[in-house]
Structures are given as structure tokens and as C-alpha cells.
Amino acid sequence: MMRAMQLRSSLKFVKLAYVLCVVLAVAMGVFLVTYKDLPQGAEWSLLVPAILLIFTALRHIKRRMSTITITGDKLRFETGLFSKSTRSVELVKVQDVRVDQTFWQRMFGIGDLSLETAGGSSRIEMDQIDRPQEAADHILELARTQRGLEGRPGAGNP
């Protein structure tokens with residue numbers, strides 16, 4: 001039995017943003033405690049890392065809202081937080097898999113994955129996934145295998 005493969009957006013940049021928020025908050029806290037001749041209300045400057053932390057948390061949630069799951073002969077694309085939208089595609093209908101990487105994405109080993117399928121709304125896109133070329137090759141190999149099985153006598157659904 002084939003093991004399910006799940007693809008989600010990478011959290012590398014989100015984790016980096018969390019670390020930067022904490023470092024900024026600590027640095028500002030140390031600065032506020034160390035220097036006594038600061039203007040009144042200077043402690044309000046700690047709102048800056050707090051606001052950045054909120055934006056980072058929202059970005060984290062947004063990144064976790066989309067998933068591609070590959071099981072058996074199907075590919076399922078789910079998106080949404082409270083209400084979900086699910087699109088299922090047979091692997092034999094996957095026609096093209098494209099990987100796009102910017103310079104920074106290449107440095108961190110992430111990239112954007114785009115799947116072209118036969119049918120009406122034919123494009124499925126997932127931004128910033130880890131090891132995108134490995135995922136693309138795996139999906140294409142599974143699709144090729146499924147096409148080979150489809151042509152055999154006795155293959156298919158009972």
C-alpha cells in the first residue's frame with residue numbers, strides 16, 4: 001500500500017519572523033531598562049514587536065490553510081480555515097507539474113508548485129513548499145504509474 005503524501009506551505013519564513021519579533025522585543029526591553037533619560041511614553045515602543053507578532057501569527061494561520069494530499073490514485077486539494085473547500089483530482093488527469101523558485105526561495109529550499117490537470121478549472125497552486133522539485137517529480141511519477149495501470153486489463157475500479 002502506498003503511503004499518503006501531504007504538501008503544505010513551508011513555515012521557514014514564518015519561524016524566522018517569530019524569532020525576529022522576539023529578538024526585537026528583547027532588544028527594545030533591554031534598551032528601555034538600560035537608558036533612564038528616555039522620553040515619557042517610550043515604553044509604548046514595545047507595541048511595534050507586538051504588532052509584528054500579530055501579523056506573523058496571521059501569516060502562519062494563512063500558510064496552514066491549504067493542503068495537497070496524495071493517496072492511492074487521487075490528489076486532494078483542501079483550502080480554508082473555518083469552512084473548507086476540497087477539490088479531488090485523479091492522478092491520471094495530472095498533465096503538467098511546474099516549479100517556480102525565486103532566488104531567495106532557492107536559498108532556503110522552497111518553491112511554488114503548480115499542477116495542471118485535465119478538466120474545467122485546471123490549475124492547482126501551492127505557494128512556498130519545502131523541496132518542491134522532489135514533490136513535483138513524485139507527483140509526476142505517481143501519475144505516470146496510474147496511467148500505466150489504467151491501460152491494463154482488469155485495472156480500474158470494481
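Looking for something part of a helix (DSSP H, G or I), polar (S, T, N, Q) and surrounded by 18 or more Cβ atoms within 10 Å (Cβ to Cβ) - is there at least one such residue anywhere in the stretch 112-130? No; the residues of the stretch 112-130 include none that is part of a helix (DSSP H, G or I), polar (S, T, N, Q) and surrounded by 18 or more Cβ atoms within 10 Å (Cβ to Cβ). When you look at L75, is it touching an Asp or Glu at 6+ places or on another chain (Cβ under 6 Å) and in contact (Cβ under 8 Å) with a residue 40 or more places away in the chain, yes or no? So L75 fails the test.
Once the stretch 65-91 is narrowed to residues that are hydrophobic (A, V, I, L, M, F, W, C) and out of contact with any strand residue (DSSP E or B) (no Cβ under 7 Å at 6 or more places or on another chain), the residue that is surrounded by the most Cβ atoms within 10 Å (Cβ to Cβ) is L81. Restricting L58, L47, L53, L24 to those that are under 24 Å from S85 (Cα atoms) and at pLDDT 90 or above reduces the list to L58. So how many residues does the stretch 78-112 have that are touching a Lys or Arg at 6+ places or on another chain (Cβ under 8 Å) and either under 16 Å from L142 (Cα atoms) or among the polar types (S, T, N, Q) (or both)? Counting residues in the stretch 78-112 that are touching a Lys or Arg at 6+ places or on another chain (Cβ under 8 Å) and either under 16 Å from L142 (Cα atoms) or among the polar types (S, T, N, Q) (or both) gives 6. Screening the stretch 28-70 for residues that are touching a residue at least 40 places away in the same chain (Cβ under 8 Å) and hydrophobic (A, V, I, L, M, F, W, C) and picking the one that is farthest from S10 (Cα to Cα) gives I70.
If you filter the stretch 92-111 down to residues that are over 16 Å from K74 (Cα atoms) and among the charged types (D, E, K, R), you find that the one that is surrounded by the most Cβ atoms within 10 Å (Cβ to Cβ) is R98. Among the conditions (1) of a type in the set (S, T, N, Q); (2) touching a residue at least 60 places away in the same chain (Cβ under 8 Å); (3) out of contact with any helix residue (DSSP H, G or I) (no Cβ under 8 Å at 6 or more places or on another chain), S10 misses just one, which is (3).
Please indicate, with yes or no, whether at least one residue in the stretch 42-59 is surrounded by 11 or more Cβ atoms within 10 Å (Cβ to Cβ), among the hydroxyl-bearing types (S, T, Y) and part of a strand (DSSP E or B). No: zero hits.
Restricting attention to the stretch 27-75, the residues that are polar (S, T, N, Q) and within 22 Å of the chain's Cα centre (by Cα) add up to 5.
Would you mind stating whether V92 is in a helix (DSSP H, G or I) and in the same structural domain as R131 (by TED's automatic domain parsing)? For V92, the condition - in a helix (DSSP H, G or I) and in the same structural domain as R131 (by TED's automatic domain parsing) - is met.
Restricted to the stretch 108-145, and to residues there that are of a type in the set (S, T, N, Q) and closer than 19 Å to R87 by Cα, the residue that is modelled with the lowest pLDDT is S121.
The values are calculated or read from the model by the stated rules, or taken from the named source; none is laboratory data. Just so it is clear, the structure is predicted and the values come from calculations on it, not from any experiment. Quick reminder, even Gly has a Cβ in these numbers, built from the backbone with ideal geometry, and neighbours come from all protein chains shown.
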